[in-house]
Amino acid sequence: MNAARLILALLLPVIGGCASHAPAPVENRGAAPAMATAATPVAAAAAADPRVVYHTVKKGDTLYSIALDNGQDYKDVAAWNSLDNPNLIRIGQQLRVSPPDTGAPVAVAKPVAFGAPVEARPAAGPAPVTAGTNSETLKREPKGGKRAYSEEALAKARQGEAAERPPEPKPEPVAAETRPAEKPLVAGDDVDWMWPSSGRLIAPFAEGGSKGVDIAGKAGDPVLAAAGGVVSYAGAGLRGYGNLVVLRHNASYLSVYAHNSKILVKEKQTVTKGQKIAEMGSTDAESPRLHFEIRRQGKPADPQKFLPAR
């Protein structure tokens, strides 16, 4: 019994020393959180090319409003972000709102596939003169009393054919177009504006307030294109605008026509200055009126600075 206690006393320091050297905890620093991984591609793309502009979706945003605020076509924004349904966007989502690089495509060299060997054949023409053949035998005298071949005879024959050939009829002159071709999209900032309605102004543009002007009228009054352009949007997808038409005039300018009772144009349709594009109404408005905006690079500008005085 005493011997067992002695052995135990000798082993206790050894056991205690082993217990005091337990392995340190290991911290895993390699894996990134799942939430960070989802945002990595967008952040990496923005860092790689600072020219690319992104919009972070906020509460109340729609793809139509985001595109309008950035001076873009909503279909283009949907394509740049691979959106099959423009109504499916989520708060916090980052959407590209600047066009991709339009530089020339890079040519990719591809290996040539070799097939069966190609047989080389001489071009069709007179048979070559072989050695030992009398070249005069190739100039056979024609039948029917025609002259024997000679350079002089050939020249005279050609002159005779030209004299006998009837003159070719001259093409009828094409009447010149009296009206120049329509060019709805103009370069730079050179846009020829007109008032889209003849009604009186009832609400002016206000920085930080109204993004355009309101023009009074009666339901059904014509709404005219303020300048030539292409229909970028036609529908009721923007809250507060009712039935809406948006025209793109060039790379810089858009015009907006809201609260219509009836839309008379379709998206991608080319319209001319003064063309009737809608009928005045009161959709999303207190009374029949036209809310009209001019946007430069997506930013609202005072239409009265562009429209002619009246």
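The values are calculated or read from the model by the stated rules, or taken from the named source; none is laboratory data. The model shown is predicted, which means the values in this text are computed figures rather than measured ones. All Cβ positions, glycine included, derive from the backbone under ideal geometry; neighbour counts span all protein chains shown.
If you check 83, 95, 68, 88 for being at pLDDT 50 or above and part of a strand (DSSP E or B), only one passes: 95. Among the residues of region 267-282, those that are of a type in the set (S, T, N, Q) and within 22 Å of residue 248 (Cβ to Cβ) comprise 269, 270, 272, 275. Just one of 220, 228, 212 is closer than 19 Å to residue 66 by Cα and modelled with pLDDT of 95 or more; which is it? So the residue among 220, 228, 212 that is closer than 19 Å to residue 66 by Cα and modelled with pLDDT of 95 or more is 212.
Going through region 233-252 one residue at a time, which ones are in contact (Cβ under 8 Å) with a residue 24 or more places away in the chain and buried (at least 24 other Cβ atoms within 10 Å of the Cβ)? Result: 241, 245, 246, 247, 249.
May I ask you to verify whether residue 255 is within 23 Å of residue 76 (Cα to Cα) and part of a strand (DSSP E or B)? Here the answer is yes, as residue 255 does meet what is asked. Applying the set (1) surrounded by fewer than 20 Cβ atoms within 10 Å (Cβ to Cβ); (2) part of a strand (DSSP E or B); (3) more than 29 Å from the chain's Cα centre (by Cα) to residue 280 leaves exactly one unmet item: (1).
Among the residues of region 286-301, those identified as surrounded by 15 or more Cβ atoms within 10 Å (Cβ to Cβ) and either closer than 26 Å to residue 77 by Cα or modelled with pLDDT under 95 (or both) are 291, 292, 293, 294, 295, 298, 300, 301. From the list 274, 209, the lone residue that is farther than 17 Å from residue 73 by Cβ and touching a strand residue (DSSP E or B) at 6+ places or on another chain (Cβ under 6 Å) is 274.
Using the structure shown, decide if residue 238 is farther than 14 Å from residue 68 by Cβ and either in the same structural domain as residue 77 (by TED's automatic domain parsing) or not small (Gly, Ala, Ser) (or both). No; evaluated as a whole, the condition is false for this residue.
Return a yes/no flag: does region 50-58 have any residue that is modelled with pLDDT of 50 or more and over 23 Å from the mean Cα position of the chain (by Cα). Yes, there is a match, as at least one residue in region 50-58 is modelled with pLDDT of 50 or more and over 23 Å from the mean Cα position of the chain (by Cα).
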